[in-house]
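These notes are about the structure you will find just below.
The values are calculated or read from the model by the stated rules, or taken from the named source; none is laboratory data. If you're wondering where the values come from, they're calculated on a predicted model, not measured in any experiment. Cβ placement follows ideal geometry from the backbone for every residue including glycine, while neighbour counts extend to all protein chains displayed. Keep in mind that these areas ignore ligands, DNA and RNA; they rest on the heavy atoms of the full protein, side chains included. Shrake-Rupley method; radii C 1.70, N 1.55, O 1.52, S 1.80 Å.
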Amino acid sequence: MSQPILVAEALSSGYGKFQVLFDVSFRVYENEILAVVGPNGSGKSTLLKTVFGLTTIYSGSVIYRGRDITRLPPYVKARIGVAYLPQTDNVFAELTVKENLLMAAYTLEESEARDRIEEVLNLYPVLKERLSYKARSLSGGERQMLALAMTLVRRPDIIMLDEPTANLAPVVARHLLKKISMLRDEMKKTIVLVEQNARAALELGDRALLMVSGRVSYEGPSESLLRDVELGKRYLGLR
């Protein structure tokens, strides 16, 4: 296996004095989907926020492409290729689809911004038909596609997605997960996917991280976790 693109070592973190993660270590490899699963309240979302610099880190480290980025502010992490997409409030609701995409590209030269926006619109053609629509008028699935498109405009190397299918109808969720798999297969992106639908995430993922009570209970091939009847039944509601 190749060298990991991102390594977390013995991370302990939380919010102020409220600790959520305890000595969490894991690795993410180039061009893979790492599915992060576990019961509610197990620290999955906090894990992504910690990597991106949105929590209080008590100890441990985050290494990205050999560089210690543990204490870097989120905007610096975003500039060097690490993207974090929160579950909610991930688009500018009162701006149009086009304005959202332009906001994502504001640091780029005009011609490069135009090319990148055209690139993501080809990936999500439904957005091309909605360019003049306010983001708040989009369906839940369309909003998530817009949020993904805005992220892709910045061409990150690794994208951390926090429950992108939450509150979506099953058919819409399946479509969105298919789009996420395309990011790996066609755009060669590296994905860390926090997902409440454990079976869907494990079927999509190359490897899995099972979080329980703020600790890592399993890291390895997704298919192995899918086959582990005891872990699946106890922590993931799998039958």
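Descriptive notes on the structure:
- If you go through the range 1-25 and keep only what is surrounded by 21 or more Cβ atoms within 10 Å (Cβ to Cβ) and of a type outside the set (Val, Ile, Thr), you end up with Leu6, Ala8, Leu11, Ser13, Leu21.
- Selected residue (only one of Tyr58, Tyr75 is in a helix (DSSP H, G or I) and either open to solvent by 30 Å² or more (accessible area, probe 1.4 Å) or without any contact (Cβ under 8 Å) to a residue 60 or more places away in the chain (or both)): Tyr75
- Any hit, the range 163-172, residues being open to solvent by less than 10 Å² (accessible area, probe 1.4 Å), in a helix (DSSP H, G or I) and of a type outside the set (S, T, N, Q): no
- Count of the range 78-93 residues, restricted to those that are without any contact (Cβ under 8 Å) to a residue 40 or more places away in the chain and of a type in the set (Gly, Ala, Ser), is 0.
- Restricting attention to the range 61-72, the residues that are part of a strand (DSSP E or B), open to solvent by 30 Å² or more (accessible area, probe 1.4 Å) and in contact (Cβ under 8 Å) with a residue 60 or more places away in the chain add up to 0.
- Selection of the range 186-226 for residues being in a helix (DSSP H, G or I) and buried (at least 18 other Cβ atoms within 10 Å of the Cβ) yields Ala198, Ala200, Ala201, Leu202, Leu204, Ser222, Leu225, Leu226.
- For Arg130: the one exception among (1) more than 30 Å from Gly214 (Cα to Cα); (2) open to solvent by 50 Å² or more (accessible area, probe 1.4 Å); (3) not in a loop (DSSP other than H, G, I, E, B): (3)
- Qualifying positions in the range 29-55 - in a strand (DSSP E or B) and in contact with a Pro (Cβ under 6 Å, 6 or more places away or on another chain): Tyr29
- Filter result for Ala78 (within 30 Å of Glu9 (Cβ to Cβ) and among the hydrophobic types (A, V, I, L, M, F, W, C)): yes
- Residue count for the range 227-239, restricted to those that are surrounded by 14 or more Cβ atoms within 10 Å (Cβ to Cβ), at pLDDT 80 or above and part of a helix (DSSP H, G or I): 3
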